[in-house]
1. I'd like the full set of residues that are touching a strand residue (DSSP E or B) at 6+ places or on another chain (Cβ under 8 Å) and either outside any strand (DSSP E or B) or over 21 Å from residue A:22 (Cα atoms) (or both), limited to region A:37-67.
2. Given the conditions (1) part of a helix (DSSP H, G or I); (2) more than 22 Å from residue A:28 (Cα to Cα); (3) at pLDDT 85 or above; (4) within 18 Å of the chain's Cα centre (by Cα), which single one is not true for residue B:107?
3. Determine which single condition residue B:14 fails, assuming it passes every other condition in (1) buried (at least 16 other Cβ atoms within 10 Å of the Cβ); (2) under 28 Å from the mean Cα position of the chain (by Cα); (3) at pLDDT below 50.
4. Just to verify a result, which residue in region B:136-175, among those that are under 16 Å from residue B:189 (Cα atoms) and modelled with pLDDT of 75 or more, is nearest to the chain's Cα centre (by Cα)?
5. Report yes if some residue within region B:111-130 is at the interface with another protein chain (Cβ under 9 Å from one of its Cβ atoms) and either within 20 Å of the chain's Cα centre (by Cα) or at pLDDT 85 or above (or both); otherwise report no.
6. Considering region B:39-59 alone, what residues qualify as being farther than 17 Å from residue B:99 by Cβ and within 11 Å of another protein chain (Cβ to nearest Cβ)?
7. If I ask for residues that are under 18 Å from residue B:70 (Cβ atoms) and buried (at least 17 other Cβ atoms within 10 Å of the Cβ), which ones from region A:47-72 would you list?
8. Among the candidates B:75, B:89, single out the residue that is buried (at least 22 other Cβ atoms within 10 Å of the Cβ), touching a helix residue (DSSP H, G or I) at 6+ places or on another chain (Cβ under 9 Å) and more than 9 Å from chain A (Cβ to nearest Cβ).
């Protein structure tokens, strides 16, 4: 059960990050991603901030994101992320899946007219 | 994001982190209570590093990204009016130091293993391709001088270098892969009738 919850958490994190980066439309570094996600959720979702980085790196390995370093070595450098074409396709799939899931749940719980 | 994880706002000043001796170290009498911020950030990063067992380049890059995050977080907390000590403690408390180290290790170690397998397989495949390209099926060889003027040899040898260099994030793998390819090639040239 804990594994499924973990998978769900990772899945929702993936779609949230992809949507954010697509909406922003420019390279964003990890700290800024966290701040923007917090603002979007109006503080509802809280999490250990550093855990965004393993997720970002995994998404990069999966080809959903690409990164580059800004700044010269020896100065404060930032690693920024952008969404790849594959990431956009994955976002479309995940958004569709999420929409179907939420509609079905709302119907099941009687929160939405069938 | 998960709401079930620990809410850092329950410890907004990061008092737990402040009281953690592994973060602050043992302060001797007369030592400045709040040493340089960069040193303290490094102490936090050391706790992340303790969870990592990756190659040096990868670890350096990971820690540089985390360092940038912590510096941003401290600056933001200071802008809200916290002093340096509390700002770093809050940043560390919100960060999830050990968890981050474990997750980063889990994320990158698998990729490193895949790299290693590919890096080991590629030169062997290239060397076999080379042998197939420049040696007759009966094992007779054209000799190394003849081999060196064949474009196919250079295509394969360049592929043995460029594929791992562009594919793998670790340039050392590419170098080792290429050296391994050349060792096999030299063996083929020196002992063309050798059977494995």
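1. Of everything in region A:37-67, those that are touching a strand residue (DSSP E or B) at 6+ places or on another chain (Cβ under 8 Å) and either outside any strand (DSSP E or B) or over 21 Å from residue A:22 (Cα atoms) (or both) turn out to be A:56, A:59, A:60, A:64.
2. The failed condition is (2).
3. Only one criterion is unmet by residue B:14, namely (2).
4. Once the filter is applied, the top-ranked residue is B:157.
5. Yes, some residue in region B:111-130 is at the interface with another protein chain (Cβ under 9 Å from one of its Cβ atoms) and either within 20 Å of the chain's Cα centre (by Cα) or at pLDDT 85 or above (or both).
6. The answer is B:58, and nothing else.
7. Answer for region A:47-72, where residues must be under 18 Å from residue B:70 (Cβ atoms) and buried (at least 17 other Cβ atoms within 10 Å of the Cβ): A:47, A:48, A:49, A:50, A:51, A:52, A:53, A:54, A:55, A:56, A:57.
8. Exactly one of B:75, B:89 is buried (at least 22 other Cβ atoms within 10 Å of the Cβ), touching a helix residue (DSSP H, G or I) at 6+ places or on another chain (Cβ under 9 Å) and more than 9 Å from chain A (Cβ to nearest Cβ), namely B:89.
The values are calculated or read from the model by the stated rules, or taken from the named source; none is laboratory data. Just so you know, these numbers come straight off a predicted model, no measurement behind them. Cβ coordinates were reconstructed from backbone atoms using ideal geometry, including for glycine residues, and neighbour counts include every protein chain displayed.
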